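To start, the structure itself, in structure tokens.
The values are calculated or read from the model by the stated rules, or taken from the named source; none is laboratory data. These figures come from a predicted structure and were not determined experimentally. Every residue, glycine as well, gets a Cβ built from its backbone with ideal geometry; the counts of neighbours run over all protein chains shown.
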2 protein chains.
Amino acid sequence: MEIFSHEYFMREALKEAKKAFDTNEIPVGAVVVCKNKIIARAHNQTEVLTDATAHAEMLAVTAAENYLGSKYLNECILYVTLEPCVMCAGALHWVQLERLVFGASDVQRGYSLVSSPLLHPKTEVVKGVKADEAKLLIDEFFKKLRL
Amino acid sequence: MEIFSHEYFMREALKEAKKAFDTNEIPVGAVVVCKNKIIARAHNQTEVLTDATAHAEMLAVTAAENYLGSKYLNECILYVTLEPCVMCAGALHWVQLERLVFGASDVQRGYSLVSSPLLHPKTEVVKGVKADEAKLLIDEFFKKLRL
């Protein structure tokens, strides 16, 4: 069913990334899905919160834990438009995320650049979902910054 | 001057760890020091906040950024009773921490178990400050848990 596809949920994460773009934040968005329902949405808010740790993934994870009343997201999927950084991968380890689906790879800051495995061993990874759209948004953002 | 020693500030971090102990949290505490002044204090609050990311370091870093009105802690020292995990090391990278001083090493979850360097290249590291006290508190905690 289309509504339960990775593309569907990634489009929702992209909507979050666009909110970040429109508020002059590096455009990264995330949603957490549990039993095919979106239980948390967030976008990067490092500028508005003056907090370098306020990445979309961190905010979405905390909101999802709050929603579920649980420290574990082991029946949840995180959709995020950009590959998580080391900090966010470490957070996903702690919550024992069931599945991570990300869009564009981050060739400068992505967790997969670290040789050791950072995610929880049970976390499945799907990458490249709507990667072009995610990357285009980020490229546009930095082009706008340089103008 | 004694008041500006690593031991002095680590004692303050240990006071935070004891607060965690007394509220049934894994006893880890942290303080952030800027120009010899404590600008943030925090202890692990993963249980009370139902948030696996609510480590002492994350809470202290966010509070310090808020205090300074800056995303960077490049003139700050973080004192933490236990070696940070991967997530927290990633956060310390983003804030470009000037110096990390930790107590006990974490042989299971410490960031230094990862072969790649996770901290910012400019971050100086001092380890083992009051390590025995920090470790004793954690050992006592897990002994109490098993009773």
Among the residues of region B:101-120 satisfying the criterion of being away from every other protein chain (no Cβ under 14 Å) and without any contact (Cβ under 8 Å) to a residue 60 or more places away in the chain, which is nearest to B:Ala60 (Cα to Cα)? B:Phe102
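Yes or no, residue by residue, for (1) touching a Cys at 6+ places or on another chain (Cβ under 9 Å); (2) β-branched (Val, Ile, Thr); (3) within 25 Å of B:Ser70 (Cβ to Cβ):
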position: A:Phe4; (1), (2), (3): no, no, no
position: A:Met10; (1), (2), (3): no, no, no
position: A:Lys15; (1), (2), (3): no, no, no
position: A:Lys18; (1), (2), (3): no, no, no
position: A:Cys34; (1), (2), (3): yes, no, no
position: A:Val48; (1), (2), (3): no, yes, yes
position: A:Glu83; (1), (2), (3): no, no, no
position: A:His93; (1), (2), (3): yes, no, no
Going residue by residue through region A:40-55, is there one that turns out to be more than 13 Å from the chain's Cα centre (by Cα), closer than 21 Å to A:Asp132 by Cα, modelled with pLDDT of 95 or more and charged (D, E, K, R)? no
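Per-residue answers, yes or no, for (1) within 14 Å of another protein chain (Cβ to nearest Cβ); (2) aliphatic (A, V, I, L, M):
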position	(1), (2)
A:Cys85	yes, no
A:Gln96	yes, no
A:Ile138	no, yes
A:Phe141	no, no
For region A:100-112, give me the residue count where each residue is surrounded by 19 or more Cβ atoms within 10 Å (Cβ to Cβ) and either of a type in the set (A, V, I, L, M) or assigned to a strand (DSSP E or B) (or both). 5
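Just give me the residues in region A:115-125 being out of contact with any Leu (no Cβ under 7 Å at 6 or more places or on another chain) and crowded, with 18+ Cβ neighbours inside 10 Å, in sequence order.
Hit for region A:115-125 is A:Leu118, nothing else.
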Any residue in region B:37-57 that is away from chain A (no Cβ under 12 Å) sitting within a Cβ distance under 8 Å of a residue that is among the basic types (Lys, Arg) and not in a loop (DSSP other than H, G, I, E, B)? List the pairs, counting only those 6 or more apart or interchain. B:His43/B:Lys19
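Could you please let me know if A:Ala91 is out of contact with any strand residue (DSSP E or B) (no Cβ under 9 Å at 6 or more places or on another chain) and in contact (Cβ under 8 Å) with a residue 12 or more places away in the chain?
On the way: out of contact with any strand residue (DSSP E or B) (no Cβ under 9 Å at 6 or more places or on another chain): yes; in contact (Cβ under 8 Å) with a residue 12 or more places away in the chain: yes.
Yes, satisfied.
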In region B:58-83, which residue that is among the polar types (S, T, N, Q) and within 10 Å of chain A (Cβ to nearest Cβ) is surrounded by the most Cβ atoms within 10 Å (Cβ to Cβ)? B:Thr62
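Could you go through region A:128-146 and let me know if any residue there is small (Gly, Ala, Ser) and in a loop (DSSP other than H, G, I, E, B). Explain how you work it out, then say what you get.
Residues of region A:128-146 small (Gly, Ala, Ser): A:128, A:131, A:134.
Next cut, in a loop (DSSP other than H, G, I, E, B) only: A:128.
Yes: region A:128-146 contains one or more residues that are small (Gly, Ala, Ser) and in a loop (DSSP other than H, G, I, E, B).
How many of the residues making up region B:74-99 are closer than 29 Å to A:His120 by Cα and part of a loop (DSSP other than H, G, I, E, B)?
Pass one, region B:74-99, residues closer than 29 Å to A:His120 by Cα: B:78-97, B:99.
Applying the additional criterion that residues be part of a loop (DSSP other than H, G, I, E, B) yields B:83-85, B:95-97.
The number of residues fulfilling the criteria is 6.
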Inside region A:20-42, can you point out the residues that are surrounded by fewer than 17 Cβ atoms within 10 Å (Cβ to Cβ) and within 20 Å of A:Glu83 (Cβ to Cβ)? none
